[in-house]
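A short write-up of the structure that comes next.
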Amino acid sequence: MISLDIFGIQNSALLVIVALLTGVALVALAMWIAGLISPRSFNPQKGEAYECGIPTRGNSMTRFSVGYYLFAILFLMFDVETVFLFPWAVKVRELGTDGIISIAVFFSILVLGLVYAWRKGALEWK
Amino acid sequence: MFDFSIVTSWIDNLLKGWMPSWAATTVECVLIGVGLLLAYALLALFYIYFERKVCAAFQCRLGPNRVGPWGVLQSFADMFKILIKELITLNHIDKFLFALAPYLVIIASMMSFAVLPWGKGLQIIDFNIGIFFLIAVSSIGVLGILLAGWSSNNKFTLIGALRSGAQMVSYELSIGLSVLTMVAFAGTMSVTGIVEAQKEGWFIFTGHIPALIAFVIYLIAGTAETNRGPFDLPEAESELTAGYHTEYSGIHFGFFYLAEYLNLFIVSGVASLLFFGGWMPLHISGWEGFNMVMDWIPSVVWFIGKAIVISFIIIWFKWTFPRLRIDQLLALEWKYLLPINLVNLVLMVIVIIYGLHF
């Protein structure tokens, strides 16, 4: 594989770090500038949660609907299986019919999982 | 067609002549960083202006037209205004996670931004697993949104963040599977490789029916992934004030706003990479004169132009369809898009291996 990285830098990991640091620098720089030029004033009411005007009751970091967990678990299952499909997808031309037969087993398990979740009612929002 | 690697290798040789190789690499890294930062900021500002103008046109208004000619300086003014707004420190928040969330959102979009094929020889990060890396890093953004909602200690933000999390992880599956379909067709995961494979014709033309289906699914899933209407329930303003970023103020809120527009650009950029040939110009075999005219247009203009046209379609969605309910949203993904996508992948494999034409 020919690498066409910019400036002939062959080390892609270095460029990933550069992109990461650029993101950090953008946030840090803007926060610093905002800290310098933005006004400050103190008022006890400002620290309250933006909800409805009367004091908030209780903590908001509490339990929430279990339905979100269910979809997160389903996502995890399918996403990991998609990751396994990627290497096969790159080589699908060379593998030919043999590749199809061997991936069909894996693929049918994936579809069975979806059918099972569907029949169990996991895809209904309750 | 102008090859940008001529410019970069000229700079490289110039720097290597002046200073030791490690210092030259450092200077180049700084140059890349500054270039990324500038492109990021300018594109975000352009997109904010573009969305407001398009939205105004759909509603028979003029849109911003006072600051500069046709209001082009409006988003610069907005950015300056958002910088001079107070950053409010709240009482009952988780301060560390609250400060961390914008970093994660910006880092996710900046890293996927750097993988896009900007033009001939203007590819910043070129992995052999480029498109896979792009999917991987862009999903860090969900984490930032969930943290923002959770750490704000507010019921609106919590509901907004959870909805956003459920929506983004669900539609990521569809994005992953449509990308998988096109990766199978291209036979490579490298971004440059995918662009090179479209030299003879864009995948939307050469990929038969499966590529078309994959494109439509990608467009729907991409709209959901950027939390835009009709999938904008994480920040449904009529029910949740502003969703997961209700408690953020000033530039802190600005980061989420910036990342949202940049994600729109990244989604359209990936669509143009996978289906419309990245920076490859439009060629029609046999029309020599036409092809030559198309080759004169610089590759950067091709890439950004395609991305803007696709963004226009996504913005069009927002002003056409009403917002979905959460159960409709999840049913659309899990009961329609995912099964269609799986069948589509099988169709694509049949097209590739047995050479069938639809």
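Measuring nothing but how far apart in sequence close Cα pairs (under 8 Å, 6+ apart) lie, relative to its length, segment B:94-354 scores a relative contact order of 26 percent. Across the alpha-carbon set of segment B:94-354, the Rg to Rh ratio works out to 1.00, Rh being the Kirkwood radius.
Extending 7 Å from Cα along the Cβ direction at A:Asp98 and again at B:Ile88 yields two label points whose distance is 6.6 nm.
A P(r) calculated from all alpha carbon pairs of segment B:191-328, with 5 Å bins opening at zero, reads 2, 9, 15, 18, 16, 13, 9, 7, 5, 3, 1, 0 percent. Dimensions of segment B:185-241 based on its C-alpha atoms, expressed as ranges along the principal axes with the largest first, amount to 49, 23, 14 Å.
Among A:Leu20, A:Leu85, A:Leu76, the largest mean-square fluctuation in a Gaussian network model of chain A (Cα springs under 10 Å) belongs to A:Leu20.
What percent do you get for the relative contact order of segment B:150-224 when only Cα pairs under 8 Å and 6+ apart count?
39
Its Cα gyration tensor gives segment A:37-80 an equivalent ellipsoid; the semi-axes, largest first and in whole Å, are 38, 18, 7.
Computed from the Cβ-Cβ distance with R0 of 45 Å, the FRET efficiency linking A:Lys120 to B:Ala99 stands at 0.65. Computed on the protein assembly as shown, the Cα convex hull volume stands at 173 Å³ per residue.
Starting from the Cα of A:Val24, step 7 Å toward the Cβ, then list every residue of segment B:69-97 with an amide N under 19 Å from that point. The answer is B:96-97, whose backbone nitrogens lie closer than 19 Å to the label point. Using equal-weight Cα scatterers in the Debye expression, the normalised intensity of segment B:1-102 in log10 at q = 0.11, 0.18 Å⁻¹ is -0.68, -0.95. Note on chain A: GNM, Cα springs under 10 Å; of A:Gly96, A:Gly67, A:Gly23, the largest mean-square fluctuation is that of A:Gly23. Neighbours of B:Gly207 by Cβ distance under 15 Å: Lys/Arg scored +1, Asp/Glu scored -1, total +1. Remark: B:Trp279, B:Trp302, B:Trp316 ranked as B:Trp316, B:Trp302, B:Trp279, counting other beta-carbon atoms within 10 Å and listing the fewest first. Its relative contact order, with pairs defined as Cα atoms under 8 Å and 6+ residues apart, puts segment B:99-226 at 27 percent.
Structure note, pairs B:Lys53/B:Lys81; A:Lys91/B:Lys335; A:Lys46/B:Lys53; B:Lys85/B:Lys306; B:Lys155/B:Lys318: Cα-Cα distances above 31 angstrom occur for A:Lys46/B:Lys53; B:Lys85/B:Lys306. Max-minus-min Cα coordinates of segment B:89-155 on each principal axis give 51, 19, 16 Å, with the largest extent listed first. Within segment B:308-323, find all residues whose amide N lies under 18 Å from a label point positioned 7 Å from the Cα of B:Ala57 along Cα-to-beta-carbon. Counting only backbone N, you get B:308-321. Top mean-square fluctuation among B:Tyr49, B:Tyr336, B:Tyr218, Gaussian network model of chain B, C-alpha springs under 10 Å? Answer for the Gaussian network model of chain B: B:Tyr336. Candidate membrane-span-like segments in chain B, meaning DSSP H helices with Cα atoms spread over at least 18 Å of their own axis and a Kyte-Doolittle mean of 0.5 or above, are B:21-58, B:95-115, B:155-186, B:208-225, B:250-275, B:299-318, B:338-354, with no membrane implied. When only the Cβ of Lys, Arg, Asp and Glu is charged (+1, +1, -1, -1), the dipole of chain B relative to its Cα centre reaches about 600 debye. Relative to the globular-protein estimate of 2.2 N^0.38 Å, the Cα radius of gyration of chain A stands at 1.84. Across every pair of non-identical alpha carbons in segment B:78-226, the mean reciprocal distance, once inverted, gives a Kirkwood radius of 17.5 Å.
Every read-out reported here was derived from the displayed coordinates using simple, explicitly stated rules and does not represent laboratory data. Just so it is clear, the model here is predicted, and its values are computed rather than measured. Neighbour counts run over all protein chains shown; Cβ positions are idealised from the backbone, glycine included.
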